[in-house]
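Report on the following structure.
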Amino acid sequence: MLTTGTTATQRRLLRHMARTQRKARSLERSLVTGNKLDAAANDPAGSARALGARSKARSSAVVQRNIDVGLMTMDAADGGLGHILETLDRLSELAIAASSDTLNDADRLALGTEASEALQTIESIARGTRFGSDRLLTTHKVDVGFMIDTSASMGGELAQLQSGIGAFRQRFEDANLDVQFGLSKVFTPADPSDGVVKLSDIAQDNFMDQLMSVQLGFGAVDPYSAFHHGVNADGDSPDAFTWRQQAAERHIIYITDTRREADLLPGDETQGTIASSAREARVALHVIADDRHHDTFSGLTGASGGTLYDKGNGAGDRIQAALGNIADGITSGFGSTSVEFQVGPDSGDRFKTGLPVDSTLDALALTQMSLDDPQAALEAVDMLQTARDEVVALRARIGAGSSRLRAMRENEAQRAQALAQSRSRMEDVDVARATAELTRQRVVEEASIGMVQRLHSLQSDVLGRLLNF
């Protein structure tokens with residue numbers, strides 16, 4: 001077979017020319033797109049780093065949007081508090097004017113009418129200030145009245161409640177709910193007429209003192225009568241809990257180690273009738289009792305929207321767990337009650353705004369404010385000053401949160417800029433260098449083509465001469 005020494009050289013030239021063409025095409029794409037990593041094959045490691053930087057940059061953009069929304073939310077709350085503060089200033093002017101003894105009835109009536117409208121304005125602002133569906137200036141209120149069987153056998157159960165009440169309260173505070181407690185003792189000898197004595201009303205400051213000083217004794221209990229009077233089924237019971245009007249939920253928790261031992265109610269009351277009275281008062285009845293006596297309460301707890309739990313052994317070892325379950329059941333019904341924002345790429349990067357805050361008339365202790373006479377007006381001056389101080393403190397908290405968010409926003413913007421610069425260094429084409437390299441590759445490509453053509457021509461010439469020899 002006739003061969004020449006140029007064949008192997010020609011093949012090497014063809015392979016080199018193919019590589020040169022691929023390199024030239026890659027350079028052309030990079031110059032067109034401005035991205036030297038337009039294909040992962042160009043630089044696998046560099047492409048991976050660039051993709052990571054790109055992902056971080058996108059996350060940073062979302063974080064900045066979240067922070068912007070957070071700032072708008074804080075600004076909305078601050079604006080609402082600003083309007084409330086202006087209204088309080090006007091109320092202070094009215095109260096000072098009404099403190100004078102020289103006003104006639106018509107003047108005092110005019111001042112009182114304006115003050116009443118101003119108070120309603122505060123309430124409307126507090127309840128109407130929202131961002132989206134989130135309340136900003138009013139919190140959900142929950143009232144819980146404890147009824148304790150104080151018969152002599154309840155020492156262990158009482159101790160469990162006393163040691164567990166702090167954790168019970170904390171569950172509501174963690175859910176950003178405004179919870180207030182009341183306390184009654186269920187013990188027939190304490191009040192033979194109805195078998196219940198109110199020790200601390202809802203939202204009174206003496207709840208903990210009364211709970212820690214409960215005395216036990218010997219006697220029977222009538223929980224049905226206690227429930228009946230606790231929800232104020234008759235409308236005039238002195239032992240009824242005074243539920244807050246704005247309370248979203250009302251609950252009674254009864255703790256006992258026995259069944260119903262006395263009947264202090266007239267008529268043929270049943271668990272159903274007791275539950276019906278509770279429902280009318282919007283009160284859910286919960287019972288923690290020895291499971292041997294659950295039949296005494298099962299018909300009224302569920303029917304009133306409450307729950308029934310076992311207290312455990314003679315010392316009530318399951319009482320605290322039952323209280324936790326009751327608290328979780330109540331708080332879960334409100335869903336998310338605090339306003340938080342994701343301000344970073346990690347799951348733990350959460351910013352708690354401290355919202356909502358409570359600036360309703362009830363929270364500002366202005367529900368009983370009156371300008372009916374000079375003495376009431378003088379008391380109103382002090383009440384308004386206290387309320388004003390509270391609103392100023394709330395604005396300070398919100399302002400501090402806004403400052404933190406703005407600092408986070410600036411830091412995130414700097415981080416995004418650094419990511420953009422890093423990504424640019426990894427991806428952007430050096431146009432001058434790429435153009436020079438493309439020119440070199442084209443020269444090499446053209447030289448390779450010329451060499452292949454020359455070798456092909458030489459091979460044909462040699463073969464022709466040999467055949468004609």
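Structure notes:
- Summed side-chain charge close to residue 119 - residues other than residue 119 whose Cβ falls under 12 Å, Lys, Arg +1, Asp, Glu -1: -3
- In this label model, residue 75 and residue 114 are separated by 3.3 nm, measuring between points 7 Å along each Cα→Cβ vector.
- Between residue 269 and residue 96, residue separation times 0.36 nm minus the direct Cα-Cα distance comes to 56.8 nm.
- By the compact-protein rule of thumb, 2.2 N^0.38 Å, the alpha-carbon radius of gyration of the range 148-292 corresponds to a ratio of 1.01.
- The packing ranking of peptides 286-294, 246-254, 117-125, highest mean first, is 246-254, 286-294, 117-125, where packing means the average number of other beta carbon atoms within 10 angstrom of each residue.
- A simple packing score, the average count of other Cβ atoms within 10 Å per residue, orders the peptides 354-365, 64-75 as 354-365, 64-75, with the highest score first.
- Listed peptides 395-408, 148-161 appear in the order 148-161, 395-408 once ranked by packing, highest mean of other Cβ atoms within 10 Å at the front.
- Rounded FRET efficiency, nearest 0.05, which uses the C-beta distance separating residue 407 from residue 206 and R0 of 51 Å: 0.75
- Computed about its Cα centre, the charge dipole of the range 141-332 is approximately 360 debye, with only Lys, Arg, Asp and Glu carrying charge at their Cβ.
- Taking 29 Å as the straight-line reach from the Cα of residue 141, the lysines in range (excluding those fewer than 8 positions away in the same chain) are 185, 198, 311, 352.
No value in this document is a laboratory result; all are computed from the given coordinates. As the structure is a prediction and not an experimental result, all values here were calculated from the model. Because the Cβ atoms are built from the backbone with ideal geometry, glycine has one as well, and the counts that use them run over all protein chains shown.
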